[in-house]
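Following: one structure in structure tokens, then a few remarks.
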Amino acid sequence: TRNTGLANVAAKYITEKLTLGANLLYTLTRENVRTGVASPDRDKLSPSVSVSYKLLEDKEFRIRAFYKNIYRLPTFNDLYYQEMGNKNLRPEDANQFNVGFTYLETEIPFLSEFVFSIDGYYNRVTDKIIAIPRDMFHWSMTNKGRVNIKGMDVNLKMNIKTGKSDLVKTKANYSLQSAKDATVGSDNFGEQIPYTPVHSGSGSISYEHEKWEAGYNMVFSGVRWIGQMTDRTNKMNGYAIHSIFVTTSYKRWKVNAEIIDLFNTQYEVVRFYPMPRRNFRITLSMDLGK
């Protein structure tokens, strides 16, 4: 049993151009087990501050920055799951620094919406929680003493008007992430941490006409490593997964049909656990609010 208490103090200041925010979160946990030894109780203060400033009078063009402390407690599976759990896991503590800008435009000819954002970040993570395979069937949870993460996220969204009720909708995002083991004395010091690609992203394009929409999605991941990079057997190749879909709606109802992994690509997110190849999915949903 875990009893958790959360108390947060927040403040925000807003003008037409400037937004300032600050938070202070207190986390308290108390754990008990019927048998064995419980994970230690935890108490933590986590601050965060943010600022956003509008640079142009007549355009939604903003620069933003934030600092945030994130305190991630191990889950019950992380701590207690049979053979995999580790009750001595320490919480993951991260200090995040982010600077970026966003641009939103709705008055470009032939476009109903154009959104672009780019962010650069630096994270210092202590006791990062990761899963390491012991063999093909058994995993164990462990703390990676120190990880330094530097990266950049780029996002683009653009809707193109082709008629009164017709739209070509496009989205794309790309992530560049260097997540290096900075634990003194580690065999992997200075290397990318397991299962974390340097390059990853996704993209989509679809055509919308009245109550119908059809489109294409793609998700890709670059090369990953599951151990020391000096051992080439630890290298996992990148992959790209392509899918297509058709969606229609009638009153409260919506039907979505998909072909996932269109080109029948064989790939693994986790070593020795192959993902499904080409598969099909039909989803029926109803909006109770209409």
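The values are calculated or read from the model by the stated rules, or taken from the named source; none is laboratory data. Keep in mind it's a predicted model, so treat the numbers as computed, not measured. Virtual Cβ from ideal backbone geometry, glycine too; neighbours counted across all protein chains shown. Only protein heavy atoms, including side chains, enter the accessible area calculation; ligands, DNA and RNA are left aside. Shrake-Rupley method; radii C 1.70, N 1.55, O 1.52, S 1.80 Å.
Entry note, the chain: relative contact order of 8 percent, from Cα contacts under 8 Å with a spacing of 6+ residues.
How much net charge surrounds Asp41 when only the other residues with a Cβ under 10 Å from the Cβ of Asp41 are counted, with Lys and Arg +1 and Asp and Glu -1? Mind dumping the intermediate values first?
Values: positive: Arg2, Arg30, Arg42; negative: Glu31, Asp43.
Spelling it out: positives minus negatives among the neighbours equals +1.
Calculated accessible area for segment 68-111 comes out at 61 Å² per residue, all protein chains present (probe 1.4 Å; ligands, DNA, RNA ignored).
If R0 is taken as 30 Å, the Cβ-Cβ distance between Ser140 and Val49 corresponds to a FRET efficiency of 0.25. Label separation (Glu113 vs Leu156): 1.8 nm, computed from points 7 Å beyond Cα along the C-beta direction.
Any of Lys17/Lys171; Lys164/Lys211; Lys144/Lys180; Lys12/Lys54 with alpha carbons more than 20 Å apart? Name them for me. Those over the limit are Lys17/Lys171. Taking the Cα centroid of segment 187-262 and of segment 36-54, what is the distance between the two, rounded to the nearest whole Å? So the two Cα centres are separated by 31 Å. Here segment 82-208 is treated as a sphere whose radius is the Kirkwood value from Cα pairs; by Stokes-Einstein at 25 °C and 0.890 mPa s it diffuses with a coefficient of 139 µm²/s.
Only helical DSSP H runs with n ≥ 4 go in: add -39500 (n - 2.57) per run for the chain, normalise by residue count and round the 222 nm mean residue ellipticity to 500 deg cm²/dmol.
On the way: 1 runs with 5 residues, N = 290.
Roughly -500 deg cm²/dmol at 222 nm, from the helical runs in the chain.
Take the Cα of Phe263, step 7 Å toward its Cβ, do the same at Tyr121, and the gap between the two points is 2.9 nm.
Taking the square root of 5 times each eigenvalue of the Cα gyration tensor, what semi-axes in Å does the equivalent ellipsoid of the chain have, largest first?
Values: eigenvalues 271, 164, 96 Å².
After scaling each eigenvalue by five and taking roots: 37, 29, 22 Å.
Split the accessible area of segment 74-204 by element, probe 1.4 Å, and carbon with sulfur accounts for 58%. Distance from the C-alpha centroid of segment 84-111 to that of segment 119-167: 9 Å, rounded to the whole angstrom. In segment 221-275 the Cα-Cα distances spread across 5 Å bins starting at 0 as 4, 16, 18, 15, 12, 9, 9, 7, 5, 3, 2, 1 percent of all pairs. Here the peptides 72-78, 271-277, 281-287 are ranked by packing, the mean other Cβ count within 10 Å, and the order with the highest first is 72-78, 271-277, 281-287.
Using all pairs of distinct alpha-carbon atoms, the Kirkwood hydrodynamic radius of segment 28-151 works out to 17.9 angstrom. When Rg and Dmax are taken over the Cα atoms of segment 151-290, they come to 19.8, 63 Å.
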